[in-house]
1. What ranking do 34-40, 72-78 get when scored by the average of other Cβ atoms within 10 Å per residue, highest first?
2. Sequence gap at least 6, Cα distance under 8 Å: using those rules, report the relative contact order of the chain to the nearest whole percent.
3. Let me check against my output: what whole-number percent is the relative contact order of segment 109-173, with C-alpha pairs under 8 Å and at least 6 apart?
4. Give me the dipole magnitude in Debye, nearest 20, for segment 69-177 about the Cα centre, with unit charges on the beta carbon: positive for Lys and Arg, negative for Asp and Glu.
5. Short version: ³J(HN,Hα) in whole Hz for each residue of segment 112-124, in order, from phi by Karplus 6.51 cos²θ - 1.76 cosθ + 1.60 (θ = phi - 60°), x for Gly and Pro, what are they?
6. Just to check I understand the Karplus step: with θ = phi - 60° and J = 6.51 cos²θ - 1.76 cosθ + 1.60, what whole-Hz values come out for segment 215-226, glycine and proline as x?
7. In whole percent, what relative contact order does segment 123-235 give with Cα contacts below 8 Å and a gap of six or more residues?
8. Round to the nearest 10 and give me the degree value, 0 to 90, for the angle of helix 126-135's Cα axis relative to the longest principal axis of the chain.
Amino acid sequence: MSATFIFLITASLYSSSAELITDSMSRLQKYDLKIVPPANIQATKNVRSLSHCAAICNRNKQSCLSIQYQAEASLCRLVSVRLNDEEVLEEPGSSGWKYYERNMECFDWHIFNGHAYQLDITTRNFTSAQKFCASLLPTSHVIEIESNAENNWLLELATRYCNVKSEIWINLYDSFNTQPYTWLESGQSAVYTNWAPDSPSDFEEKCGTFSSSAGGTWNDVVCELLAPVVCERDL
Ligand SMILES: *[C@@H]1O[C@H](CO)[C@@H](O)[C@H](O)[C@H]1NC(C)=O
């Protein structure tokens, strides 16, 4: 093994450990200068170190999705959202805050727009999927999708965090396979829909699925189909 090769290994180990503070959180440098909306700062704490700040966030998984850390003052902000490209930028060099995000796991509860969602990759028929969601603590129900924003969110959850590309149960049912279908939890007719062009199609297919392999369009399927489910509950 040449000296150059050993040097390259050492250099790459050093550079990756500089960015990855724990195996559950990583730095997103491009958001260092973003201004976090005050309503999304859950708490500001004096901490011993960056990993102390990360540990506090990891103990509060329901409410802490990211942190900002200010090394000179040893200050830690617990943030309830993940920043995105739309937040306002500060003047470069004005603050010294560094931004880190929790690496979300598929089986975490994921928060979006006042609701919590959890995808379970075990495949079940529709009745078993409903029972599974009802058995969770806090209790939940199979996801009901009321807007395009929520449909896009489900696609992100399935593909970005869970790597699921298949049919996924949603809480839609119709005994006659005519439109409109009904959301079983709320009892409301589905106003927002995202049916695939040829769906719903078949009289025997009384249940609805979301297809993460087809851009988040919906299908009518037989209720005995085995598919993963997304459970939803209010916060
Ligand atoms: C759904 O799955 C459960 C558990 O495997 C089974 O007991 C039940 O008969 C199935 N129901 C239908 C309608 O297929």
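1. Working: 34-40: 13.3, 72-78: 16.0.
Ranked from most to least packed, the peptides come out as 72-78, 34-40.
2. On the way: 429 pairs, mean separation 43.6, N = 235.
Relative contact order of the chain: 19 percent.
3. Details: 40 pairs, mean separation 20.4, N = 65.
Once divided by the residue count of segment 109-173, the mean separation gives 31 percent.
4. Values: 8 positive and 16 negative charges, 101 e Å.
Rounded to the nearest 20 debye, it is 480 debye.
5. So the Karplus estimates, Gly and Pro as x, are 8, 6, x, 10, 10, 10, 9, 9, 10, 7, 4, 8, 9 Hz.
6. x, x, 7, 9, 10, 9, 9, 6, 6, 7, 3, 9
7. Working: 213 pairs, mean separation 41.0, N = 113.
Rounded, it is 36 percent for segment 123-235.
8. So the inclination is approximately 50 degrees.
Bear in mind that the values in this text are calculations on the coordinates, not laboratory data. Every value quoted in this text rests on a predicted model; they were computed, and no experiment measured them. Cβ coordinates were reconstructed from backbone atoms using ideal geometry, including for glycine residues, and neighbour counts include every protein chain displayed.
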